[in-house]
Amino acid sequence: MSSLREENPGFQKPDALDRSFFARDTVAVARDLIGKLLVSEAGGRTKGVIVETEAYLPSRDSACHAAKHRTSRTEVMFGPAGFAYVYPIHAKYCFNIVTEVAERGCAVLVRAVEPVEGVSLMKRRRGLDDERRLATGPSCLCQAMRIDRSMNELDLTLGSLVWVEEGLGLNTEPITIKNSKRIGVTSATNRRLRFYVAGNRFVSGPARFRT
DNA sequence: AACGGGATGGTT
DNA sequence: ACCATCCCGTTG
């Protein structure tokens with residue numbers, strides 16, 4: 001009886017992207033999230049432009065957590081789109097957004113943002129001054145924006161605590177979105193399911209993964 | 001209860 | 001290339 005799992009169409013902030021955005025093909029959502037704004041009001045407001053994502057597909061994707069078994073950990077992935085799937089790994093966290101229709105088991109991992117608000121807060125949380133490294137990498141992003149396990153199963157379309165907004169892009173220049181193999185994934189490596197802003201310095205991975 | 005493997009990230 | 005660190009799913 002988790003109230004988080006209920007859909008609340010009447011209470012969403014105008015700014016938050018609605019469920020119809022997330023309830024689409026996972027690759028399309030991963031690609032379209034590039035350039036959008038990720039906002040967190042957990043312990044103070046932080047905001048960043050999404051510059052890197054990865055798609056984890058509902059079928060024939062052995063790297064997707066939901067692929068093998070439906071367990072308590074992956075339960076939220078089988079619910080409606082627009083909910084957060086936050087899971088721990090190596091004593092850190094990764095932030096995902098559930099996609100498509102319920103029962104499929106798929107999501108998009110947000111791997112990096114370019115900080116645009118709450119930079120000093122991010123610096124304090126990360127213990128760093130180097131802006132480039134504040135929210136580059138999925139677990140660094142979570143630490144910078146204070147996203148943790150308590151946000152698992154949060155409805156992001158409510159526009160409360162954590163949500164995604166329409167962005168005007170990184171700057172006035174047109175951006176190029178490129179794709180590559182997913183980082184750290186050892187199976188299903190034939191598919192190019194990682195999307196990133198070409199040449200953006202806030203994208204994670206070695207140099208050849210950022211150009 | 002015990003075990004092994006990560007959608008990591010920082011260091012060598 | 002190595003490994004600290006810890007959660008989770010599986011196996012016994």
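The values are calculated or read from the model by the stated rules, or taken from the named source; none is laboratory data. Keep in mind that this is a model prediction, so the values were computed, not measured. Because the Cβ atoms are built from the backbone with ideal geometry, glycine has one as well, and the counts that use them run over all protein chains shown. Ligands, DNA and RNA are excluded from the accessible area calculation, which covers all protein heavy atoms including side chains. Shrake-Rupley method; radii C 1.70, N 1.55, O 1.52, S 1.80 Å.
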(request) Express the relative contact order of chain A as a whole percentage, based on alpha carbon pairs under 8 Å and six or more residues apart in sequence. (result) 27
(message) Using a 7 Å offset from the Cα along the Cα-to-Cβ direction at both A:Arg24 and A:Glu165, what is the distance between the two label points in nm, to one decimal?
(response) 2.1
(request) Sum up the lysine pairs in the stretch A:3-209 that clear both bars: alpha-carbon distance under 17 Å and a spacing of 8 or more or different chains. (result) 5
(message) Give me the one-decimal nm value for the distance between modelled label points at A:Ile177 and A:Glu41, 7 Å along each residue's Cα-to-Cβ direction.
(response) 2.8
(request) For the stretch A:1-138, report the accessible area per residue in Å² (1.4 Å probe, heavy atoms, rounded to an integer). (result) 44
(request) Taking amide H positions as placed in the peptide plane 1.01 Å from N, state which residues far from A:Gly159 in sequence (5 or more) or on other chains have amide H under 5 Å from it. (result) A:Lys13
(request) Obtain the nm distance between the two label points defined at A:Arg126 and A:Val101 by a simple spin-label model: each point lies 7 Å from its Cα along the Cα-to-C-beta direction. (result) 4.0
(request) Tell me, rounded to the nearest percent, the portion of alpha carbon pairs in the stretch A:119-211 spaced more than 16 Å apart. (result) 67
(request) May I have the extent of the alpha carbons of chain A along their three principal axes, as whole Å values ordered from largest to smallest? (result) 42, 40, 35
(request) Which order do the peptides A:186-194, A:108-116 take when ranked by the mean count of other beta-carbon atoms within 10 Å per residue, highest first? (result) A:108-116, A:186-194
(message) If amide hydrogens are placed 1.01 Å from N in the peptide plane, which non-local residues have theirs closer than 5 Å to the one on A:Ala107?
(response) A:Tyr56, A:Thr99
(message) Given a 1.4 angstrom probe, I'd like the percentage of the accessible area of the stretch A:3-209 that is carbon and sulfur, rounded to a whole number.
(response) 49
(message) Given the -39500 (n - 2.57) contribution per DSSP H run of 4+ residues, what per-residue ellipticity at 222 nm results for chain A, rounded to the nearest 500 deg cm²/dmol?
(response) -3000 deg cm²/dmol
